[in-house]
Structure formats: structure tokens, C-alpha cells
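So the structure is just underneath, and the comments pick up after that.
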Amino acid sequence: MRAADARTDVEVLLVGAGPGDPSLLTLAGAAALGRADVVVYDYLANPALLAHAPAGAERVYVGKKGFSEHVTQDQINRLLVRKARELGERGGGVLVRLKGGDPFVFGRGGEEALALGEAGIRCSVVPGVTSGIAAPAYAGVPVTHRGLASSVAFVTGNEDPAKDESAIDWEGIAHGADTLCFYMGVRNLPVIARRLMEAGRPADTPVALVRWGTTPEQEVLAGTLETVAARAAAVGFKAPAIIVVGAVAALRDRLAWFEPGPLAGSTVAVTRTRAQASALSARLRALGASVVELPTIDIVPPPSYDEADACIARLAGYRFIVFTSANGVEAFFRRLALAGLDSRALACARIAAIGPATTEELAAHGVAADFVPGEYRAEAVADVLIEAGLARGDWVLVPRALEAREALPRMLRARGARVDVAPVYRTVPPPRASVEPALSRMAAGEVDAVTFTSSSTVRNFVGLARGLGPDGKALLENLDFYSIGPITTATARDEGLSVAAEAEEYTIVGLVHAIVEHRATRAKRK
Ligand code: SAH
């Protein structure tokens, strides 16, 4: 064991995940996650941040929720030591301990660092944006303000209310700082308010409670020391929340700025590849949705490039090239480059692109598509080519996924064309570790809606859901499924899913639009 401990190639980082909004992670935090072999994360760290970690990284959830601890601190400390040692035995690696907010602000990060230190393992710290500042900020409350508050204190509100003798010096706290930010205090709110008043803070001191601050679920409740506990009880206000006490809490009336978007309260699963998810996820988040990335597919090379390379060698002989997906374009051009060629090699052929995303990807390679069929059914695409002059005996190249549908080549052959299909990539299910956290959130009922951007996302998603047993079956019946276009919708229906809405324009923007419209119409009907 000692030998492993002494290795310097094990790196342990305590990383602050920020208060909830995933864009409030620091650059250093994102970089650390990007290098992680193991991530140990808890309840308050937004699981969306795990997308920064490599797909194959091990993800360990040590959820601790308020008072009911699933895992004790001692167990977490031991787990961290064990994981670090395992990495050492494997020749090194990076262990990231991801903690909500800042690791050293009521995060018990200090204890974890000490436990690691006692085991001979050094760790470094990436501070995070703490919820005590960020949640008030998102509620329009600056924790200090010239003329109103020149000091601020962070206080735990977690004290056992049953204790007669308080370990907290209420007198000192009540007068020690102008603004008081209580963490973990919702359950004790009545005690906190009473003690502060007993210690001499005026009963009309403004108070704001900010629950799930910085996230789409943010809720704010305002009152005074005298009224706030009853108001919170009346609406059943729950943890986790920051309690801000002090004159600054009243600035909210003028400074509140954060408005949950039209998708606030919805949790949407994004099933695209990890690499492609971000654009869709970002759009959904910008509209207030919580996003769960569940990468149902990975893009990998085909078992062999022989066919594709042979087609590339005779590119000049094709009258038409039909690109059916953005992935196909990307993979084809990569292969073309390896053959020492570029877009000029396509000069003899006329080029069809199915869908706007494919067209865009082609444009990124300097090729303007000659045709973009308005409809994506194989038959319609074949018609467009015929109209464009496709004659009997003409050669057509279709670079695409290994497992793509046969419909298009079949239809073209039926019209007399000679068709070469060049598999340039393959879609496979991703490593289990990278879908596990999202799957368990889904099984726990935390997801409301699922987006599909291709037939393979549908099929692999259904496979993953069925793997959950009866829970999965219920999910397939109850979730709202949104589809990017008719082919994807047809696949979803074949799999027995009912599609809530389909994009009118078959793009990511169109898909997001369909989701917003559908949820708005349904909310109105309710
Ligand atoms: N290390 C964390 C605090 C952990 S203690 C940090 O620096 O933020 C847990 C408490 O943090 C919760 O009980 C709640 O009071 C507060 N908290 C964490 N995230 C929060 C959020 N998004 N909104 C409001 N309060 C939050």
C-alpha cells in the first residue's frame, strides 16, 4: 500500500461544482473534470457537469440529502482514499471529488482533504461559486451593498433545534454581520428567526429564502424575521435553500432579474452523442429546462474502410453523391483527407444533402449542395434525383452509417441507378458508465421529456429503457417524446412510442421550437 501512496501520478482534486447553474462551474473545474478517471459527486453537484468528464470515466454518486444521509461522511472519506489507491495501483490517474458550491464552505471538503492527507494522499482544491452568494444574486439580492450592508456572514442553520444549549453564539451572529446567509436552515427557520429576534435583530428585518437558486427550479419567498417562518410553512417551502437575513434582502423588489424560461420545471433528456449534445442542451437550458444528457449513441469507425476507400478511389465516376447525415459528411471528408484529397475530388458529381444539418456540414467543408430534398422519404429523394437528370446506368454514391436503412439505395436501384453504399461510420451504444447516472435519474422519475434526433437514438434509447425492467416500460408509456422529423418519428412509432410533437423544420432549432409549443399548448389546456 505504502508504495502506491507514494506515487505522484495520482492526482486528487476537490472541485467546487458551483451552485446549480452548470455554466457557473469554473474553467479550472471543467479542466479537472475533463481529465478525470473517477468522479465522486453528490446531491447538490449538478449531474449535468458530468458531461465534462470523459465518457469512460467512472462516476460514483454519494448522494447526501439534508438530514437523511444515504452515505456517511466517514464512508465517503474512506471511499476517496480507496479510489485514490486503486488509481495508484493502476499506475496513476485523476480523481475528482465534485462538491456542490464551494468545497470548503459547509461542504466538509476540509474533512475529506484531511482524511486523504492522513492516508498520505495530497489533494488540491478548485474553489467553486458558493450558493450563499450565488442564490441571493440570482434572486436580486447583493449580499453586501454600500450603505446597507458592509459585512456578511455565512452561518450553518443545521443545528439540532431540540438542543437546549445552542452551540451557535446567537448574540454574536445577530450583531456580528449586517447580512446573514444561512445554509441548511430551512427546517430550523422558525428557530433561526426567533433566536435572531431574541438577540435583538428587529422583527421587521427583511428576509429572503432562495430555493434551488440559479437553476430553472429557483423559488424565492420574501418576508421579515417576524413573518417568514409562517409564510414558508404555509406554502410548504422546502430545502435546499439559502436564507438571507438583512436589509439587502429588500433590494430584490428592484433588482430581481432571473426569470425562469418557458421550459422551467421541465427536465428534458438529450439522447444525442456526447459530442453533439451540447448545442441542443444549451438551447434547452437557455429556455429554462433542466437537461439530462443520456448519450444513447457513440460514433465509431466502421469495421473496415475498404469499401469507402474503394469508392473514394473512383470518385470521378459518380454522377451523384447523396449525403444522408452530418456525421456521414464529417466521416467521409476525414477519409477523403487521408487519401490526400479534398472537396475538389467531388467536382464531377452533383451533390444532394438530406436535411439542413447535413447541408450545413457540407458547407463547412466548402461544398454547396446542389439539391436539398424537401422531404426525406427515400422515394421523394429518388424523385428529386430523377428530376435532376439521374438516368439509367448512372453511378450514385451514398456515404453513410454502416447500419443505415436500406430504403434509399433500394429505391435508387429500382429506378435503374447503380448505387455504391460507403459505410463511413457506425453508431454503437456508449459505455455503460457514461449513461448510468442519467438512467438512474430517469428511473427515479426525474425526467419528463425525451428528444430524439435520429432513428438510432430512438432504438438505442428504447433498448436502454427496456433494460430497466418494469420501470422502463412505464417510462416508455408516460414520457413525452419529441422527434426531429418524420423518419425519426416513424422509427419511434415502430418501437411503440407515442410522439408528443415533431419538429416542423427538421433541425435542432425546429425541435426546440416544437417542444416549447407543445408544452405551452398543453399547459393552457390543463
Ligand atoms: N458547499 C455548498 C454548501 C453545501 S451545504 C456551497 O458552497 O454552496 C448545503 C446547503 O447549501 C443547502 O442546505 C442549501 O442551504 C445550500 N445550497 C446549495 N445549493 C443551493 C442552491 N442551488 N440554492 C439554494 N441553496 C443551496
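Rule-based calculations on the coordinates, nothing more; no lab input. All values derive from a computational prediction rather than experimental measurement. Please note: Cβ atoms are built from the backbone with ideal geometry, for glycine as well, and neighbour counts cover all protein chains shown.
At a glance:
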{"read-out": "Sorted by Cβ neighbour density within 10 Å, fewest at the top, the residues V300, V15", "value": "V300, V15"}
{"read-out": "Order of S124, S131 - criterion: other Cβ atoms within 10 Å of each residue's Cβ, fewest first", "value": "S124, S131"}
{"read-out": "Descending semi-axes in Å of segment 327-415, equivalent ellipsoid built from Cα gyration tensor", "value": "21, 14, 14"}
{"read-out": "P(r) of segment 465-526 over all Cα-Cα pairs, binned every 10 Å from zero, in whole percent", "value": "23, 43, 30, 4"}
{"read-out": "Estimated distance in nm for a label pair at R413 and R392, the labels positioned 7 Å out from Cα along Cα-to-Cβ", "value": "1.8"}
{"read-out": "Folded to 0 to 90 degrees: helix 189-198 orientation relative to the chain principal axis, Cα", "value": "30"}
{"read-out": "Listed peptides 312-321, 253-262, 210-219 by packing density, highest first (mean Cβ within 10 Å)", "value": "210-219, 312-321, 253-262"}
{"read-out": "For segment 1-157: span of alpha carbons on each principal axis (Å, largest first)", "value": "58, 29, 29"}
{"read-out": "Environment charge of T427, counting only residues whose C-beta is closer than 14 Å and scoring Lys/Arg +1, Asp/Glu -1", "value": "+3"}
{"read-out": "30 Å Cα cut-off, lysine pairs counted over the chain (separation 8 or more, or different chains)", "value": "18"}
{"read-out": "Rg followed by Dmax, in Å, when segment 137-222 is reduced to its Cα trace", "value": "13.3, 39"}
{"read-out": "Contour minus Cα-Cα distance for H175 and K238 (0.36 nm per residue)", "value": "20.0 nm"}
{"read-out": "Largest-first principal axis extents, alpha carbons of segment 402-526, Å", "value": "53, 36, 23"}
{"read-out": "Kirkwood-Stokes translational diffusion coefficient of segment 61-131, alpha-carbon pairs, 20 °C, 1.002 mPa s, µm²/s", "value": "166"}
{"read-out": "Volume of the Cα convex hull of segment 401-476, divided per residue and given in Å³", "value": "106"}
{"read-out": "Part-to-part distance (alpha-carbon centres) for segment 244-268 and segment 318-378, which is given in Å", "value": "47"}
{"read-out": "Mean Cα-pair separation over length for segment 30-114, i.e. relative contact order, pairs under 8 Å, 6 or more apart, %", "value": "37"}
{"read-out": "Shape parameters for segment 317-358, alpha-carbon atoms, Rg then Dmax in Å", "value": "10.3, 28"}
{"read-out": "Long-range tail of P(r) for segment 227-325 (Cα pairs > 16 Å, %)", "value": "78"}
{"read-out": "FRET efficiency, A474 to R146 (Cβ-Cβ, R0 60 Å, nearest 0.05)", "value": "0.60"}
{"read-out": "Relative compactness, the chain, computed as alpha-carbon Rg over 2.2 N^0.38 Å", "value": "1.18"}
{"read-out": "Sorted peptide list for 368-379, 323-334, criterion being average Cβ within 10 angstrom, highest first", "value": "323-334, 368-379"}
{"read-out": "Cα convex hull volume per residue for segment 181-231 (Å³)", "value": "76"}
{"read-out": "Rounded tilt (10° steps) of 73-89 against the dominant C-alpha axis of the chain", "value": "40"}
{"read-out": "CD proxy at 222 nm, helix term only [per DSSP H run n ≥ 4: -39500 (n - 2.57); per residue of the chain; nearest 500]", "value": "-11000 deg cm²/dmol"}
{"read-out": "If the convex hull is drawn through the Cα atoms of segment 404-444, its volume per residue in Å³", "value": "77"}
{"read-out": "Peptides 393-399, 495-501, 446-452 ordered by average Cβ neighbours within 10 Å, highest first", "value": "446-452, 393-399, 495-501"}
{"read-out": "Pair-distance profile P(r), taking every C-alpha pair of segment 195-277, with 5 angstrom steps and integer %", "value": "3, 13, 19, 19, 17, 10, 6, 5, 4, 3, 2, 0"}
